[in-house]
Amino acid sequence: MLAAVVIASGFSRRMGRSKLDLELGGRTFLHRAIDAASGAKGVDRCLVVVRPEDEAKAEGAIPRGDSPPLNPRSLPPGLPASKTSVAPPVEVLLNPSAADGQSASIRLAVQRLAEDRGVEGAIFSVVDQPLLTPAVFDALIEASRQNPDSICVSSYAGQRGNPALFPRRFFSELMELTGDVGGRDVIRRHPDDVREVAMADPNAGRDVDTWEDYLEAQRLVGS
């Protein structure tokens, strides 16, 4: 079983306002992030980590079967835009320690997943990449099937980014992260255990951190 974790507990200081309810293509960033993760064919379980004050937003963003398709230009070759099977359950985790940095959300999610011995690995994504699609997650999963002991990292035009898939054997290291750091620290420690997965569209992993980034994302999806 593979899980997807959407980290949506940041404070968006550079943007100056919450990104969760920014809209793109008729969907909020939070909707799009959850749709992309839970819509992947190979994802069996999905967690979304938010601050306690954003619980209602997260619950409201859980797919109900009426989500429009995401940007098809984000698809790797040969992979469909979405799956036809029933989406996995989405569980909302509340992180009261979000001020401690991204590592607090990672630790919370990993602790939850580690309770289930059936979870073989987890894909970590972030809410401020609104051009992601389910196919990006499935490309990572396919790479992991060929390299089950490796960390599989998305690559966009030769640059590493999110999401990244960590096999269960790295859960203990993820649990030791502190401060405002993500899985990149674990990736740096294991260069021989990393597999880059090239995505067809370099914009699929585009981060939206500023209003200029947001305007460019709107241009790309025509909204």
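FYI, it's all coordinate maths here, none of it is from the lab. These numbers come from a predicted model, not from an experiment. Reconstructed Cβ throughout: ideal geometry from the backbone, glycine too, with neighbour counts over all protein chains shown.
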Quick one: what are the phi-derived ³J(HN,Hα) couplings along the range 123-137, Karplus 6.51/-1.76/1.60 with θ = phi - 60°, whole Hz, x for glycine and proline?
9, 9, 10, 10, 6, 9, 10, x, 9, 5, 10, x, 5, 5, 5
Neighbour-limited loop hits for trypsin sites (Lys or Arg not before Pro), the range 158-223 (at most 12 other Cβ within 10 Å; DSSP other than H, G, I, E, B):
none
Looking at the chain as a GNM with Cα springs under 10 Å, which of Ser155, Ser144, Ser12 has the largest mean-square fluctuation?
Ser12
The range 128-163 residues near the modelled Leu215 label - backbone nitrogen below 11 Å, point 7 Å along Cα→Cβ
none
Arrange the following residues from fewest to most other Cβ atoms within 10 Å of their Cβ: Leu215, Leu113, Leu220.
Leu215, Leu220, Leu113
Give me a comma-separated list of calculated 3J(HN,Hα) values for the range 12-25, in order, Karplus coefficients 6.51, -1.76, 1.60 applied at θ = phi - 60°, integers in Hz, x for any Gly or Pro.
6, 5, 5, 6, x, 6, 4, 8, 4, 10, 5, 10, 8, x
Select from Pro63, Pro191, Pro89 the residue whose mean-square fluctuation is largest in a Gaussian network model of the chain (Cα-Cα springs shorter than 10 Å).
Pro191
The chain: antiparallel bridges as % of DSSP beta bridges, rounded to 5, reads 35 percent
Between the range 148-223 and the range 1-68, how far is it from one alpha carbon centroid to the other, in angstrom?
16 Å
If unit charges are put on Cβ atoms (+1 for Lys and Arg, -1 for Asp and Glu) and the dipole of the chain is taken about its Cα centre, the option from Phe171, Leu132, Ala61 lying farthest towards the positive end turns out to be Leu132
Qualifying GluC sites (Glu not before Pro) in the range 107-159, DSSP loop, other Cβ atoms within 10 Å at most 12
Glu115
Taking only DSSP H segments of four or more residues, each worth -39500 (n - 2.57), what value at 222 nm results for the chain once the sum is divided by all its residues, to the nearest 500 deg cm²/dmol?
-8500 deg cm²/dmol
Mean Cα-pair separation over length for the range 2-221, i.e. relative contact order, pairs under 8 Å, 6 or more apart, %:
27 percent
Fewest-first sequence of Met199, Met1 by Cβ atoms within 10 Å of each Cβ:
Met1, Met199
